[in-house]
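Structure, as structure tokens:
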């Protein structure tokens, strides 16, 4: 298969030709008005930075019989996105998400041309918040702890939050996202370098987020994609703390790279009625996201008549509720002060552990993760627990 790319990004040639299905990839900076070429191409990729969408009719006239893909560029609002996609559809052109890296663009287009699996993975799970303070970091770390106890494989928690390193829940002794900036920028991050940077807590690993204020908006899609790609070579499952700032490369790559996506909220009005609806309409919907892409986790839930119910939260956010994590009141601040996870402090708090197990069950099922076998000691303890004598009996 021969493919032509109209773009200033010459890396496309290398990326497409890395697939055995692509025999030749040619990169041009513009589309000529005639199609007189000795090479018969099978598909055309057009970068919106080179060709405005208003020229797609002319491009289709030149190439009437082959698949054409159009990578959106610098689209600022949902109305513009819809209009561009309608123009694409009118000329049988397939629109491509503007936040994809060249590597991801090549992967997605090859998948569409050959019906193969794309870049998304059900072993990469992203968690986002409706607003700051919803409890994303707490939930991700505790799910990581619970999941690592149950599966056969390595679990990594990536804190891809440019505003919050999430290093205060544990006695964190690893490096930070900003410490890897040079490795990511030069695409020289190795598996061994990544392992050196991580902190191991019991059975899972953690890379804390950015703590350099000057770098908050200076991570790129290519850098974060490189980090995730290297992590995939080392770990069997990756849990990503995507934070609440969807206008960053960290969050966009967390969204793009994951098949399973959770939104975490609580019963505060500012999340489900204030911040998130605007984020969805202005940032997520323009890149093709739908509310059904997400599953809902209600955090710090209180069965209080003066607060919104879990069913009403489902209706407000139009998402399927997966788990309802109870409010443990003072135990949360105690856990942070003691540098311990709620998962470990809440032993005996069955409602909290049960809600985490629901999330872990879903991840294990969707990602087809092999579970650890119960030891005979564990089995005996569970069995004889039914016959435990009462105190004083």
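Within segment 280-309, which residues are more than 16 Å from the chain's Cα centre (by Cα), crowded, with 20+ Cβ neighbours inside 10 Å and touching a residue at least 60 places away in the same chain (Cβ under 8 Å)? Once the filter is applied, which keeps residues that are more than 16 Å from the chain's Cα centre (by Cα), crowded, with 20+ Cβ neighbours inside 10 Å and touching a residue at least 60 places away in the same chain (Cβ under 8 Å), segment 280-309 yields 286, 299, 300. Pairing residues of segment 312-338 that are in contact (Cβ under 8 Å) with a residue 12 or more places away in the chain and in the same structural domain as residue 260 (by TED's automatic domain parsing) with residues that are surrounded by 14 or more Cβ atoms within 10 Å (Cβ to Cβ) and in a loop (DSSP other than H, G, I, E, B), at Cβ distances under 7 Å and at least 6 apart in sequence or on separate chains, gives 319/294; 328/346; 328/349; 331/346; 335/341; 336/169.
Taken as a whole, the condition of being in contact with a strand residue (DSSP E or B) (Cβ under 7 Å, 6 or more places away or on another chain), part of a strand (DSSP E or B) and at pLDDT 90 or above applies to residue 26. The sole residue among 51, 79, 94 that is under 31 Å from the mean Cα position of the chain (by Cα), under 20 Å from residue 286 (Cα atoms) and at pLDDT below 90 is 79.
Counting residues in segment 217-231 that are more than 17 Å from the chain's Cα centre (by Cα) and under 22 Å from residue 247 (Cα atoms) gives one or more. Annotation: of all residues in segment 261-281 being outside any helix (DSSP H, G or I) and out of contact with any helix residue (DSSP H, G or I) (no Cβ under 6 Å at 6 or more places or on another chain), the one that is farthest from residue 306 (Cα to Cα) is 262. With respect to residue 339, is the statement that it is surrounded by fewer than 18 Cβ atoms within 10 Å (Cβ to Cβ), over 21 Å from the mean Cα position of the chain (by Cα) and farther than 27 Å from residue 200 by Cα true? No.
The one condition from (1) touching a residue at least 60 places away in the same chain (Cβ under 8 Å); (2) within 19 Å of residue 249 (Cβ to Cβ) that residue 176 does not meet is (1).
The values are calculated or read from the model by the stated rules, or taken from the named source; none is laboratory data. These numbers come from a predicted model, not from an experiment. Ideal geometry is used to build each Cβ from the backbone, glycine not excepted, and the neighbour counts take in all protein chains shown.
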